[in-house]
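A short reminder: the numbers here are calculations on the coordinates, not readings from a lab. None of the values given here were measured: they were computed from a predicted structure. Backbone-built Cβ (ideal geometry, glycine too); neighbour counts: all protein chains shown.
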Amino acid sequence: MEFDLSWLLLGVPIVFALGWLASRLDLRQLRIENRQAPKAYFKGLNYLLNEQQDQAIDAFIEAVQRDPDTTELHFALGNLFRRRGEYERAVRVHEHLLSRADLPVADRERAQHALALDFLKAGLLDRAEEALRKLDGTRYQEQAWLTLLSLYERARDWPQATEVAVKLERMQQGDFTHRLSHYLCEQAATALTKRQDVAQAEQLLQQAIQQAPTAARPRIQLAGTLVGQGDVGGAFERLTELERHAPQALPLVASEMVRIAQQIGQLGRAREVLQRSYTGHPSVDIADALVQADVADGMPLRDAREGYVRHMAVEPSLIAASRWLSQEPFAQDGAHTVVQRSVEEAVRPLARYRCAACGFEAQGYFWQCPGCQAWDSFPPRRIEEL
């Protein structure tokens, strides 16, 4: 049987036409999808700008479903989940990105960093530490180390914090000298309170002094340790060293210095140290300590409290006025108690210490702010004097 070529000639145009039609349909579908994906993206962006996060999330999910390869949409969605506190969903988004074998190195590092932040915000500190450790050698390494340092400080893991701080200092990310000294002081406090290991505590505090000779805390803490061991003379020597190494901290220990000096017969020397400090930088705490020294040395209280008046002549002070009034006789019976209580209520907020970093206020002095966790952010002066 002969093959009819006419059918072949007729079929070729038909096949070509069908192929062309199919390609046009595919192209049309692709254009529709490409128009829909940006539309969903911009709709989500509009919701986000209007602070409608629920609608923004729905729009971004729609956009991701239409184009699963869009990494930027995944990052936007993950960040939205984290900001809303939906940490589990944020983790799933970033872990999905990390599971993709075709993800570029830069995006993989970014996803790893975002995943670490998810764990950190969720309070999963162990997983956050593991994720941050994986950022070594990436462009997020310094940020990761800074975050790890904060993490170890929160966990009070001082050896690990020391390791990271040393790395950061070698990377020239700041001067961590005083912070490393604080870590040694924290370890000394732990050795003393939890293990009653006085020798270890003293050794750590000596290391802290060598680490940061101008830091006030190691000498003050060592003085307290020596007092607890009955070495009052050694404690007094550590406190007097502050005049040379950390004079700004003397107001913090002025009254304690007078008390210790009285026990060992060194009131004259303590008064000299405090008077020199007061002459250079008048302070209500040092003025109060000088009054206490005069009273301890036998001066009548009425004469000694004139020190408060002299201080008020130098620097007006409601704190000094309150302490002077506490011993002043009133002509009207019963008025003294009422007036004194009112003045003390007014003075109490002025006698606090305030963090220079976040404004946190406290009656006591802190080496690390309980509010913002900053070190040495409390000036050693009362709010009234700032």
Options Ala293, Ala289, Ala320, Ala246; residue that is buried (at least 23 other Cβ atoms within 10 Å of the Cβ) and under 19 Å from Ile220 (Cα atoms): Ala289
Only one of Leu252, Leu267, Leu290, Leu301 that is touching a residue at least 12 places away in the same chain (Cβ under 8 Å) and either among the β-branched types (Val, Ile, Thr) or under 25 Å from Trp367 (Cβ atoms) (or both): Leu252
The listed residue being among the small types (Gly, Ala, Ser) and farther than 13 Å from Asp285 by Cα, out of Ser377, Ser317: Ser377
Wholly within segment 297-364, helices (runs of 4 or more DSSP H) carrying at least 3 residues that are closer than 17 Å to Pro251 by Cα: 306-314, 318-325
